[in-house]
Amino acid sequence: MLGVGNNKKEHNANNMVDYLIGVDGGGTGTRVRIERPDGIELGRGNAGPSGLMHGAGKAWAAVLDAVNRGFVEAGVEQPALERMAIGLGLAGVHNKQWAAEFAQQNPGFGTIAVETDAFCTLLGAHQGQCGAIVAIGTGSVGEALLADRKRREVGGWGFPAGDEASGAWLGLQAINHVQRVLDGRRPTSEFARAIIAASGGDLNGLFNWLAKANQTTYAQLAPIVINYATQDDVARTMMAKAGNEIAEMAIALDPDEQLPIALCGGLAAPMLDYLPQQLRSRVVIPQSDAAAGALQLIRQSLQGK
């Protein structure tokens, strides 16, 4: 876990905290929960992406935007940042340089704790108890908390080299397919035409789209793949391949198949139907989300755990 904010205030942080903030920051969006120290939730906020691949400055800007929106929803005037303790589960924390830059740019929160989005997802899904998760959103990663409290992680290597089964990965598969369609190497279809329309409209448009596309841009094609999977063999094959990738992560996390495993993230629900049956029968519903897990993270930090 990275970082505590203002070291001069660390010794009495518990006495100074008026609000606890939990942040789930990914490559597509940022979700925030705001609680009082007694655990009463006040509000939630959403903003643009705060994954560290977008840069520490942009990540903090999105976090601050989401926090502001959360206080607006709560009907509470936002206090000074130093009166808040914030736990953040962020995509990109594995890059130690990115994580250090982010912590160093703390805009003034009294106490901060930074962890991977996967670990906060795990904390939220199983309420801090032993279990495993595979998180499928813009990116993908799997993590398990074992009986001896050790952690095990698979995937999370980042796009385009990794992030199998994720939204960005599905978008990349779709683009690869339509490149072949435009070349005449594969037949066209309604699915292919929908992907082409969303990524430039024609061959020249696709070249321009590719020149600007990033992880988030690719992930925006995933809903098209999901929608067509019920009627198009190519899209259905992509989803089935994604399901097998998730199964591989699950086995690597828990070879003995003893832990409860939750499928989390924005693509969790549509992926369920494409999991191998043996895994599908073991999947449990997450008890809460990564923002709730980030709240657990900051509570543990304040308690010195």
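Can you give the calculated 222 nm mean residue ellipticity of the chain, where each DSSP H run of n ≥ 4 adds -39,500 (n - 2.57) and the sum is split over every residue, rounded to the nearest 500 deg cm²/dmol? Each step should come with its number before you reach the end.
On the way: 13 runs with 131 residues, N = 305.
The helix contribution divided over the chain gives -12500 deg cm²/dmol.
Specify, per residue and in Å³, the volume enclosed by the convex hull of the alpha carbon atoms belonging to segment 127-259.
It is 115 Å³ per residue.
Among ALA250, SER281, ALA174, whose Cα lies farthest out toward the positive end of the dipole of segment 147-305, if unit charges sit on the beta carbon of Lys, Arg (+1) and Asp, Glu (-1)?
Final value for the positive-end residue is ALA250.
For the chain, please report how many Lys pairs fall under 20 Å Cα to Cα, leaving out neighbours fewer than 8 apart on the same chain.
5
Please find, in a Gaussian network model of the chain (springs between Cα atoms separated by less than 10 Å), the residue of GLU41, GLU77, GLU248 whose mean-square fluctuation is greatest.
In the Gaussian network model the winner is GLU77.
Measuring with a 1.4 Å probe in the full set of protein chains, what accessible area per residue, in whole Å², belongs to segment 174-254?
In whole numbers, segment 174-254 has 50 Å² accessible per residue.
Gain in length, LEU42 to LEU210, computed as 0.36 nm per residue apart minus the alpha-carbon separation, to one decimal in nm?
Once the chain is fully extended between LEU42 and LEU210, it gains 56.3 nm.
Largest first and in whole Å, what are the equivalent-ellipsoid semi-axes of segment 183-305 based on the Cα gyration tensor, each being the root of 5 times an eigenvalue? Mind showing how you got there, number by number?
On the way: eigenvalues 246, 90, 26 Å².
That gives 35, 21, 11 Å for the three semi-axes.
In a GNM of the chain with a 10 Å cut-off on Cα contacts, which of MET271, MET16, MET84 has the highest mean-square fluctuation?
Its mean-square fluctuation being the largest, the pick is MET16.
Antiparallel as a % of all DSSP beta bridges within the chain, to the nearest 5?
55 percent
Report, by chain and number, residues whose modeled amide H sits under 5 Å from the one on GLN127, excluding near sequence neighbours (fewer than 5 apart, same chain).
Those qualifying (amide H under 5 Å, at least 5 residues apart or on another chain) are GLN287, SER288.
What residue among SER199, SER281, SER166 has the largest mean-square fluctuation in a Gaussian network model of the chain, using Cα springs under 10 Å?
Of SER199, SER281, SER166, the Gaussian network model singles out SER281 as fluctuating most.
Given contacts defined as C-alpha pairs under 8 Å and at least six residues apart, what's the relative contact order of the chain, whole-number percent?
21 percent
With Rg and the Kirkwood Rh both taken from Cα atoms, where does Rg over Rh land for segment 260-305?
Rounded to two decimals, Rg/Rh equals 1.16.
Determine the dipole magnitude for the chain: charges of +1 sit on the beta-carbon of Lys and Arg, -1 on that of Asp and Glu, nothing else is charged, the reference point is the Cα centre, and the result goes in debye to the nearest 20.
Dipole about the Cα centre, nearest 20: 280 debye.
With all protein chains present, how much of the accessible area of segment 54-182 (probe radius 1.4 Å) comes from carbon and sulfur, to the nearest whole percent?
48 percent
Return the tail of the calculated pair distribution for the chain, meaning the percent of Cα-Cα pairs more than 38 Å apart.
17 percent
Evaluate the relative contact order of segment 201-298 (contact order divided by residue number), counting alpha-carbon pairs under 8 angstrom at least 6 apart; express in whole percent.
Working: 52 pairs, mean separation 21.5, N = 98.
Here the relative contact order equals 22 percent.
Is there a quick way to get the dipole size of segment 47-200? I mean about its Cα centre, with the Cβ of Lys and Arg at +1 and of Asp and Glu at -1; what is the value in debye to the nearest 20?
Magnitude of the dipole: close to 380 debye.
Tell me the carbon and sulfur percent of the accessible area for segment 192-305, rounded to whole percent, probe radius 1.4 Å.
52 percent
The values are calculated or read from the model by the stated rules, or taken from the named source; none is laboratory data. Small disclaimer: the values here were computed from a predicted structure and weren't measured. As a convention, Cβ positions derive from the backbone with ideal geometry for all residues, glycine included, and neighbour counts pool all protein chains shown. Ligands, DNA and RNA are excluded from the accessible area calculation, which covers all protein heavy atoms including side chains. Shrake-Rupley method; radii C 1.70, N 1.55, O 1.52, S 1.80 Å.
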